[in-house]
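The values are calculated or read from the model by the stated rules, or taken from the named source; none is laboratory data. Small disclaimer: the values here were computed from a predicted structure and weren't measured. Here the Cβ positions follow ideal geometry from the backbone for every residue, glycine too, while neighbour counts run over all protein chains shown.
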């Protein structure tokens, strides 16, 4: 069998090790039964199964089982021959990455009604900030010198993120045939808007935060902060797809990049690229 150190990311997660152990013991199991055994949400289970796809197979009844590589991995885990490099000591980079992607927060969305009010609150904060700063939200971008009324700007902000949710639903189905778990995805996408929800407040406060700088220098800082917030929001959107639709991060990134490219293309076509 290959060097197990190459599977560090897979094996360090206790849920994935538990899936391997369940399948090694029961030989085959349906998705519903596996989800009930794990006690996790649909999207979370799909995510872990996707991560383990090279170790799994499905029979005609769509039940999961270990393939040859999976059986070899199960034997290694059962015999306790896992190298010390695979122990669960959390590295600094992993801790940082976990919070960059807000994984502990998204993990709680398996019961989306608990965090849905927070998700809605974040959207309202972003909507109010956009209206107050007089910038038009354009999903991952902002357009200056808004001519919209206060209430219209707020509606536009919320509509952008609801539109993103609908787009993600359609694209995940077309590309990966993933359906369901809609409320969790909606909750996650609202949370993913957090960085960009804060930007209008920084935009307004810029001259006060840097009174010693000229308007041109303040604008440069604004642009730098906006780029950082955009990158963070795109990463959080990818995490939303991982938790809400159970996609592997590489698959989620495909949808995120498609979204940002379309966002830029539409703004260019409208002649409104900031």
Note on the range 140-164: residues part of a loop (DSSP other than H, G, I, E, B) and either in contact with a helix residue (DSSP H, G or I) (Cβ under 8 Å, 6 or more places away or on another chain) or at pLDDT 95 or above (or both) are 140, 146, 148
Matching residues in the range 165-182 (modelled with pLDDT of 95 or more and under 19 Å from residue 121 (Cα atoms)) number 1
Name the residues in the range 121-151 that are over 22 Å from residue 202 (Cβ atoms) and either crowded, with 16+ Cβ neighbours inside 10 Å or touching a residue at least 12 places away in the same chain (Cβ under 8 Å) (or both), would you? 151
Among the residues of the range 209-225, is there at least one that is in contact (Cβ under 8 Å) with a residue 40 or more places away in the chain and surrounded by fewer than 18 Cβ atoms within 10 Å (Cβ to Cβ)? no
Going residue by residue through the range 230-243, is there one that turns out to be out of contact with any helix residue (DSSP H, G or I) (no Cβ under 9 Å at 6 or more places or on another chain) and free of Cβ contacts under 8 Å to residues at least 40 places away in the same chain? no
